[in-house]
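Notes to accompany the following structure.
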Amino acid sequence: MSVETPPNTDVTSAVIDWLTSPAFPDPHLEVQALVRHLESLHQPGVTKAQFHRCIELFYSRALQLCNEFRQELRRMQLPLEGEWHDSTGLLTNALLRIAQGFERVLAEASKNAIRTQRRLNETASARALRLLSEQYIVSFQSGREPEIKLWKTAQSLFHLSRSEASESLAAGSPAETTLHNYKRLLSLAALDPRSMSPAELDWAAEYVARICGQMILQEERPLQLDGAWHWINPSDSGEPQACVRQQPPASGPLLFFTTQPLARRAAELLARHEGGRSGPELEPAEAFPGVQPASLLSGMRQRWHAPPKREHPRRKQNYGIEACVGLTRIWRLLRNRAGEAEELVSHWDVRNESPGGYAIMHVKGVGSGLSAGTAVALRRAPNDPWCVCVVRWLRSEGEGQIEMGLQIVSHGAVPVQIGFRNGAERKAPMVDALVLPVLPALRQHQAVLAPSGTYTSRRFALVSDVDRLYVAQGRLLSLDMQTANVELFQFEIDPYPL
């Protein structure tokens, strides 16, 4: 005859005391306490009822901590410093573990192991999916890939919530909130957060939370698997895939969703913004450093409307390369300032390459200051010309280690200074920039790569003194790229300067 383990009231009392006490002002101490008490909750002797009561209380505490971390990470670049790197790792692991705690409660409830009402089941799944969304955001903000168990846990939670949900979901009901949080996670995944800076991702996450309910999610296979349709397999741990990038299996239980309604909603806001009717929603804000909301939303709309296809196959490589990171440093390097070349260049290893870009890694010695959208110049040998790229994604799994995916924007560049006309005063500060040559595969005109926020009007002054003094007036033709760090626009020399 088995003997029941007596309830471990001492452990749960200590956990509840902490959960009901004020949070530590220091987020690093708070996340350490969160992990410690979460570990206590999984000790032998904690009953199912005690576990259920405590895991509910962990939700609010963890969500509050996520808000603090996300706001701090907005202002950081990769790789994170030691304490922040360690703390974000602790937080993301804890968030997944709390979500799995809710999954355990739901699984036990469905087996009548504990008495839980249907409404409570649905509330638990909604809260767990919200925490998984937070885990997803913080992971990418800190340069990590989300835990491999994230999508498997999300699928399980969604399935458990639907098993008892009615077909008609009242607005604001727990079941409707579960569906909303699941759509929120899918909407974020469709954006490829790897390509955003921490501040851009946080802005995008807040916008997604407001409109994700409009996404269409279904079990039926669409007639046309193109455009904005995605699929996900509920029975494995894979992330959602765009149908244009990877075709779904011909059979098996799959979920399909389209982000086209989100693209339409974003397009409507952008149209109001262009007409001066959007209000402050798309204006740059100090709370999101470096973010150009209109440009960011335009990129989000494009990705929701037509997910990019992989145009070139990647080839694995393993050779060394010189890199100069940051537009200002590249400008100084190309100016051939004496004695500066060595301090401006770092050494990286190429992991793979394609005609359109590279993936490069640096294991140690990289300073901070990296984020998606940063300019990087590369060359393989000292006599080779510099290839100018823009960071498309970043990964930083280990402290001090960084991996970057780069998109080539030019083979060669000329350092110049430019200044845009500002209204009637016609006064414009001159900023350091690069003139990029024509690249037939990408553009038919010369282009300028400048700090984000430089472009303010159609005409600008251009000054170059590399070999001889050259002054001209340029006329902007198209703004092709705008990130939190740089913007790229095509131009022509104006034959009739004003």
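Just so it is clear, none of the values below were taken in a lab; they were calculated from the coordinates. Values in this document were obtained by computation on a predicted structure and should not be read as measured data. Here the Cβ positions follow ideal geometry from the backbone for every residue, glycine too, while neighbour counts run over all protein chains shown.
Ratio of the chain's C-alpha Rg to 2.2 N^0.38 Å, to two decimals?
Values: Rg = 25.6 Å, N = 498, 2.2 N^0.38 = 23.3 Å.
Rounded to two decimals, the normalised Rg is 1.10.
Which trypsin sites (Lys or Arg not before Pro) in segment 242-290 pass both tests, a DSSP loop state and at most 16 other beta-carbon atoms within 10 Å?
Values: sites: R245, R264, R265, R272, R277; in loops: R245, R277.
Taking segment 242-290 and a limit of 16 other Cβ atoms within 10 Å, the loop trypsin sites (Lys or Arg not before Pro) found are R245, R277.
Using the Kirkwood radius built from alpha carbon pairs, what does the Stokes-Einstein equation give as D for segment 414-493 at 10 °C and 1.306 mPa s, in µm² per second? If you can, show how the numbers build up before the last one.
On the way: Rh = 12.7 Å.
Answer, rounded: 125 µm²/s.
Using only Cα atoms, tell me the angle between helix 293-305 and the longest principal axis of the chain; keep it within 0 to 90° and round to the nearest 10.
70 degrees
Counting each DSSP H run of 4 or more residues in the chain as -39500 (n - 2.57), what helix-only mean residue ellipticity at 222 nm follows after dividing by all residues, to the nearest 500 deg cm²/dmol? Kindly include the intermediate steps, with their values, before the conclusion.
Numbers: 12 runs with 188 residues, N = 498.
About -12500 deg cm²/dmol.
At R210 and Y319, where each label point lies 7 Å from the Cα along Cα→Cβ, what is the point-to-point distance in nanometres?
If labels sit at R210 and Y319, their model points lie 4.9 nm apart.
Expressed in nm to one decimal, what extension gain is obtained for the pair R53 and R272 from 0.36 nm per residue of sequence separation less their Cα-Cα distance? Please list the in-between numbers first.
Values: separation 219, 0.36 × 219 = 78.84 nm, distance 4.71 nm.
Stretched out fully, the R53 to R272 stretch lengthens by 74.1 nm.
In segment 243-299, which GluC sites (Glu not before Pro) fall in coil by DSSP and have 16 or fewer other Cβ atoms within 10 Å? Show your work: numbers first, answer last.
Numbers: sites: E268, E274, E281, E286; in loops: E286.
Of the GluC sites (Glu not before Pro), the ones in loops of segment 243-299 whose Cβ has at most 16 other Cβ atoms within 10 Å are E286.
Shape call for segment 453-497 from the C-alpha gyration tensor, a ≥ b ≥ c root eigenvalues: rounded (a/c under 1.5), prolate (a/b greater than b/c) or oblate?
Working: a/c = 2.52, a/b = 1.47, b/c = 1.71.
Verdict is oblate for segment 453-497.
Only Lys, Arg, Asp and Glu count, each charged at its Cβ (+1, +1, -1, -1), so figure out the dipole size of the chain about its Cα centre, rounded to 20 debye.
Working: 54 positive and 54 negative charges, 225 e Å.
Computed about the Cα centre, the dipole is about 1080 debye.
Putting +1 on Lys and Arg Cβ atoms and -1 on Asp and Glu Cβ atoms, find which of S110, L157, L488 reaches farthest to the positive end of the dipole of the chain.
Highest projection toward the positive end goes to L488.
Using the Kirkwood radius built from alpha carbon pairs, what does the Stokes-Einstein equation give as D for segment 9-210 at 4 °C and 1.567 mPa s, in µm² per second? It would help to have the intermediate numbers written out before the result.
Values: Rh = 17.4 Å.
The diffusion coefficient I find is 75 µm²/s.
What would the Debye formula give as log10 I(q)/I(0) at q = 0.14, 0.18 Å⁻¹ for the alpha-carbon point model of segment 171-238, no solvent?
Debye output, listed in q order: -0.52, -0.83.
With each label point set 7 Å from Cα along the Cα-Cβ vector, what nm distance links Q246 and D480?
Here the answer is 3.0 nm between the modelled labels.
What does the C-alpha gyration tensor say about the overall shape of segment 259-305? Classify as rounded when a/c is under 1.5, otherwise prolate if a/b is larger than b/c, or oblate. Let's see the in-between values first.
Values: a/c = 2.64, a/b = 1.37, b/c = 1.93.
Oblate.
Treat segment 315-411 as a sphere of radius equal to its Kirkwood radius over Cα pairs and apply Stokes-Einstein at 4 °C in a medium of 1.567 mPa s; give the translational diffusion coefficient in µm²/s, rounded to a whole number. Numbers along the way, then the final one.
Working: Rh = 13.4 Å.
Translational diffusion coefficient: 96 µm²/s.
Arrange I137, I55 by Cβ neighbour counts within 10 Å, fewest through most, would you? Could the numbers behind the result be given before it?
Working: I137 27, I55 24.
Lowest count first: I55, I137.
Just want the answer: with Cβ charges of +1 for Lys and Arg and -1 for Asp and Glu, which residue in G276, C324, S346 is farthest toward the dipole's positive end in segment 262-362?
Farthest towards the positive end: G276.
Of the options L262, P146, S187, report the single residue whose Cα projects farthest towards the positive end of the charge dipole of the chain (beta-carbon charges: Lys, Arg +1; Asp, Glu -1).
L262
Over the chain, what is the relative contact order in whole percent, taking alpha-carbon pairs under 8 Å and six or more residues apart? Numbers along the way, then the final one.
Working: 923 pairs, mean separation 54.6, N = 498.
Relative contact order, the chain: 11 percent.
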